[in-house]
Amino acid sequence: MTRFIHDQFAKQYLKELLTPFGNVETSRDIAGEVRQLDVLFSPKPEPEIDATALGLLGQIAAKPAVFEPFRSPVQPGEIRSCLGKLFDLHAEFERIAARENTRIVEADLPLLWILSPTVSDPLLAGFGAIPEPENWVSGVYFMGASLKAAIIAIHQLPCTPETLWLRVLGKGNVQKRAVAELRELPSDHVFRLNALELLYNLRTILEVRQDIDREDRELIMELSPLYLQRLEDATQRGIQQGIERNQRLMVESMLQVKFGEIDEELAQIIEPLIQLEILDRTRMIMQLDRSELLARFDPKNPTES
């Protein structure tokens, strides 16, 4: 299932964009039944960068937020599951406040943002989700105020620079157009290079999979020029350190997609994997099981390394 690949990309992408503005936790465990929030964001009092650089996403990042991105159109049951996780998180914060004899400020509780490539009118009506045109662009729908939840229909977002960073998480033509716009940004844009690097990593992972659908194949073709763009940007800006950092992110992402959380054994082979050619290491991670992969880098088995 490539859904997990896209989920991992979305989490890393949002973390990369939001980190200058606050604390970002991905795959955050919550109390009670073992469940995870995709991305939990807490804004910094004084962000490193002006939030206007991220447009709509920066507007969202002005307050605590939970992001739940979906590759396929979100379904009612998935929305209820997201709401359940949000309420568990709120209850956890309330328990902490009670232990510390402090008081929860309603405005400080995170708001849930469900990111879906498309959303139907009946689904929006079923959850009472309505637009707030005075403060938000089209495509943003809010549920009842006390629910503290919103749905973003990415296909309905206007094609403007302010929505670009969320349209990258869309699907089909919406995502293709966003990628094209991303490539056309000035080379010194604060987020452009890292976003392109993550997209290139996504392409590399998808390329070695056999179970991708037509839209993923089209996405691979759309992202193919990114490799040359990546090299050009690296030459222009001399950011070898940034490339190495993103190579590490790529390897960690692939290991998480294949094996789940990275334990101590897997952590020890990240650096050797980074030293390999991109396609070689991608095929190795995707085709070998855990024991075979660890054996390749076991110093006791020199013939395997």
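If you sort the three axes of the alpha carbon gyration tensor as a ≥ b ≥ c, you get a/c of 1.5 or more for the stretch 51-103 and a/b no higher than b/c, which makes it oblate. In the full protein context, the chain carries 50 Å² of accessible surface per residue, based on a 1.4 Å probe and ignoring ligands, DNA and RNA.
Hey, any idea what % of the stretch 102-216's accessible area is carbon plus sulfur with a 1.4 Å probe? Heavy-atom surface of the stretch 102-216 belonging to carbon and sulfur, 1.4 Å probe: 52 percent. P(r) tail, the stretch 57-167: Cα-Cα pairs separated by more than 22 Å, 33% of all pairs. Using a/c under 1.5 as the rounded threshold, could you call the chain rounded, prolate or oblate? The axes a ≥ b ≥ c are square roots of the C-alpha gyration tensor eigenvalues, and prolate needs a/b larger than b/c, oblate otherwise. Note, shape of the chain comes out prolate. Counting protein heavy atoms only, the stretch 36-98 has 55 percent of its accessible area on carbon and sulfur, 1.4 angstrom probe. With contacts taken as Cα pairs under 8 Å and at least 6 residues apart, the stretch 63-209 reaches a relative contact order of 19 percent. Under a GNM of the chain (C-alpha, springs under 10 Å), which listed residue has the highest mean-square fluctuation: 135, 201, 23? Comparing 135, 201, 23 in a Gaussian network model of the chain, the most mobile one is 135. Just checking the listed ones, 271, 134, 292: in the Gaussian network model of the chain with Cα springs under 10 Å, the one fluctuating most is 134. Annotation: lysines with alpha-carbon distance below 23 angstrom to residue 11 (same-chain offsets under eight excluded): 44, 63, 85, 148, 171, 176, 258. Structure remark: mean-square fluctuation, Gaussian network model of the chain, C-alpha springs under 10 Å; the largest value among 103, 203, 177 belongs to 103.
The values are calculated or read from the model by the stated rules, or taken from the named source; none is laboratory data. All of these numbers come straight from a predicted model, not from anything done at the bench. Side chains included, ligands, DNA and RNA excluded: accessible areas come from the protein's heavy atoms. Shrake-Rupley method; radii C 1.70, N 1.55, O 1.52, S 1.80 Å.
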